[in-house]
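Report on the structure given below.
The values are calculated or read from the model by the stated rules, or taken from the named source; none is laboratory data. Treat the numbers as computed from the prediction; the structure is a model and nothing was measured. Using ideal geometry, Cβ is built from the backbone for each residue, glycine included, and neighbour counts are taken over all protein chains shown. Side chains included, ligands, DNA and RNA excluded: accessible areas come from the protein's heavy atoms. Shrake-Rupley method; radii C 1.70, N 1.55, O 1.52, S 1.80 Å.
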Amino acid sequence: MCGIVGYIGPRDATPIILNGLKRLEYRGYDSAGLAVLQNSHIEVRRDAGKLARLASLVEESPVHGQVGIGHTRWATHGEPTARNAHPHLGMTGEVVVVHNGIVENFLELRDELKAEGAIFKSDTDTEVIVHLVERYLSSKIGLAEAARLAFSHLKGAHGIVVLSSREPDKIVAARIGNAGGVVVGVGEGEMFIASDLPAILEHTRQVVFLESHQMAVVTRQGLKLMTLGGKPLRYNVHSVAYDPVAAEKGEYRHFMQKEIHEQVRSLTDTIAGRVDFDNGHNICLPELNLTAELAKNIQKIFITACGTASHAGMVGKVLIEHIARIPVEVDIASEFRYRDPIVDKNSVVLAISQSGETADTLAAMEEARRKGATLWSIVNAIGSQAMRIADGYISMQSGPEIGVASTKAYTAPLVDLYMLAILLGDLRGTLDARAHRRLTADLRLVPDLVGRCLDREAAVEKVARVLVNTSHCLYLGRGINMPTAYEGALKLKEISYIHAEGYPAGEMKHGPIALIDRSMPVVVIAPRDPWYEKMISQIEQTKARGGLVIALATDGDESIAGLADHVLWVPETPWLLSPVTTVIPLQMLAYHIAALRGLDVDQPRNLAKSVTVE
Ligand code: G6P
């Protein structure tokens with residue numbers, strides 16, 4: 001996951017940038033670079049590999065100056081090579097840019113800029129930004145205004161920092177959407193910029209967080225904040241805690257809240273590089289080692305996991321069965337390992353695990369290995385056991401997840417499973433070219449849809465206030481969103497200690513309906529998916545018995561608005577991807593209820609992040 005550091009002040013920028021980048025190493029990256037203004041000239045040092053490589057480059061060919069920017073890159077567009085590493089210099093050599101996020105319309109912009117004469121030196125989407133700034137920079141238009149005009153062309157979510165030798169007294173930074181943060185650190189006669197607090201905390205604890213669609217013009221003396229529309233803004237300087245771990249929470253109260261908000265970025269990274277949107281929309285999951293022959297021989301897939309990961313597996317069952325027409329069983333790992341499952345060499349056992357170290361999941365994998373199955377995993381922690389012992393794996397692109405209640409490591413595997421289902425469908429011939437194109441094109445919508453769910457946090461918090469004192473809560477869902485009900489209920493019980501049950505809505509009449517009265521809130525997950533009509537009748541049955549209904553519905557659904565007591569709205573989402581959006585309000589709901597109850601959200605009692613014992 002990319003990191004940004006910038007410095008302007010009286011000291012030598014190079015070591016400050018290198019140290020700052022070092023503090024962001026935990027985010028993961030595959031190349032690194034820096035640009036420093038040395039005698040009115042921009043000097044860039046960058047290469048593939050770790051920071052030690054960058055440090056030795058700087059040692060071989062030193063660079064000193066008082067203004068500079070640096071970056072650690074997690075490759076999305078273009079391989080992790082020196083030419084694709086940030087910072088990116090423009091054609092004049094007078095402008096340089098570092099960037100987090102993905103320029104979604106970069107192909108269009110690149111063609112436009114090439115037609116104007118721009119020569120591209122990398123495969124990255126980022127390079128369009130520097131050419132755009134150069135397009136506007138002139139004797140009449142200064143750096144800040146040129147950057148602002150350039151940013152107005154960019155689609156997607158971004159953190160961007162720009163430096164120019166023409167105006168050596170400033171750095172311009174901007175945040176658009178949720179591609180991670182942009183924070184400005186205020187020092188005495190010096191200023192710092194970073195994507196994440198740990199990069200600058202050793203220098204200052206006075207910081208200004210940029211909100212989406214804001215930009216800052218940073219000089220040695222201070223900063224000017226404005227909207228991307230050019231309107232000046234006032235800002236608050238926050239004092240951040242001493243505790244460096246707490247500081248990593250940035251502007252959020254808890255890691256869980258931060259991680260919920262990181263989902264735009266983690267899902268962008270999940271998709272990036274996995275779908276060749278330029279060329280046939282092919283899905284590429286090379287670490288899975290999935291050949292056409294293997295795909296054709298699979299008779300059954302067993303998905304095995306624990307906790308939240310098992311709910312992702314349940315969604316995976318619907319996806320793989322629907323798209324690739326392969327039978328799928330989902331087994332809780334602690335059951336699978338002991339029930340002597342009928343697994344053989346034509347079976348694939350797919351383990352899902354955030355940590356890759358959960359004891360039951362690893363034991364289930366060993367059991368599958370003994371029985372001769374092909375072993376796959378979807379794992380977040382790079383290099384973990386579940387990754388190492390598998391025949392093939394998909395690496396979640398979620399970054400470290402610290403909150404015990406899993407959030408971003410739930411939505412990433414949903415998208416991984418969707419891509420896997422398409423790949424299996426392609427290889428087994430169950431998907432024609434049109435269906436393939438439609439399904440892959442829908443993937444592009446995901447980050448924006450998730451961002452729109454996150455924008456509604458204040459409305460979700462209002463519903464949290466209604467539920468804060470409840471003792472029980474029932475979550476109902478059906479079809480592809482039945483696991484969403486399980487996951488919503490799990491989130492609530494894990495962190496708020498409220499008794500919550502997830503139930504398949506069609507089963508309500510066989511038991512839980514007896515519980516319905518005004519003191520039993522019922523969260524009904526009813527987006528516009530193929531089970532929608534069934535869910536409406538569920539709401540009616542609950543209302544008829546005096547139940548308090550909180551419905552989760554698609555924007556503009558007047559019939560649900562008329563029926564339910566409260567509504568959590570989600571934007572219209574293609575139904576096979578709907579679990580990615582429907583879970584977001586439920587994560588926020590659980591989070592706010594627990595926070596309102598004053599509980600230890602990130603470390604709930606009795607729970608562990610990684611359960612390495614049976
Ligand atoms: C623990 C965590 C859960 C997690 C489960 C599985 O119970 O508290 O949040 O879902 O383990 O963990 P894994 O690392 O295998 O996904």
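Values for this structure:
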item	result
Residue that is farthest from the ligand (Cβ to nearest atom), among those in segment 358-381 that are of a type in the set (A, V, I, L, M) and within 24 Å of residue 424 (Cβ to Cβ)	373
Residue pairs meeting the criteria (Cβ under 6 Å; at least 6 apart or on separate chains; first open to solvent by less than 10 Å² (accessible area, probe 1.4 Å), in segment 298-311; second more than 10 Å from the ligand (Cβ to nearest atom) and among the aromatic types (Phe, Trp, Tyr))	304/336
Filter result (open to solvent by less than 50 Å² (accessible area, probe 1.4 Å), under 18 Å from residue 482 (Cα atoms), away from the ligand (no atom under 16 Å from the Cβ) and part of a helix (DSSP H, G or I)) within segment 561-583	576, 577, 578, 580, 581, 582
Residue match in segment 521-541 (condition: polar (S, T, N, Q), surrounded by fewer than 23 Cβ atoms within 10 Å (Cβ to Cβ) and assigned to a helix (DSSP H, G or I))	yes
Of the criteria (1) open to solvent by 20 Å² or more (accessible area, probe 1.4 Å); (2) in a helix (DSSP H, G or I); (3) free of Cβ contacts under 8 Å to residues at least 60 places away in the same chain; (4) within 28 Å of residue 536 (Cα to Cα), which one residue 503 fails	(2)
Flag if residue 36 is over 19 Å from residue 101 (Cα atoms), open to solvent by less than 10 Å² (accessible area, probe 1.4 Å) and not in a helix (DSSP H, G or I)	yes
Out of 309, 333, 305, sole residue that is within 11 Å of the ligand (Cβ to nearest atom) and in contact with a Gly (Cβ under 9 Å, 6 or more places away or on another chain)	305
Some residue of segment 67-88 being touching a residue at least 24 places away in the same chain (Cβ under 8 Å), in contact with a Leu (Cβ under 7 Å, 6 or more places away or on another chain) and over 30 Å from residue 274 (Cβ atoms)	yes
Hey, residue 259 assigned to a helix (DSSP H, G or I), in contact with a Ser or Thr (Cβ under 7 Å, 6 or more places away or on another chain) and closer than 13 Å to residue 416 by Cβ or not	no
For residue 294: the one exception among (1) within 16 Å of the ligand (Cβ to nearest atom); (2) at pLDDT 95 or above; (3) more than 20 Å from residue 414 (Cα to Cα); (4) surrounded by 16 or more Cβ atoms within 10 Å (Cβ to Cβ)	(1)
Hits in segment 584-614 (condition: within 13 Å of the ligand (Cβ to nearest atom) and at pLDDT 95 or above)	587, 590
Which numbered condition residue 426 misses (of (1) on the phi < 0 side of the Ramachandran plot; (2) part of a loop (DSSP other than H, G, I, E, B); (3) open to solvent by 30 Å² or more (accessible area, probe 1.4 Å); (4) at pLDDT 95 or above)	(2)
Close pairs from segment 512-524: first farther than 11 Å from residue 546 by Cα, partner open to solvent by 20 Å² or more (accessible area, probe 1.4 Å), Cβ under 6 Å, at least 6 apart	512/503
Segment 339-357, subset β-branched (Val, Ile, Thr) and part of a loop (DSSP other than H, G, I, E, B), residue nearest to the ligand (Cβ to nearest atom)	343
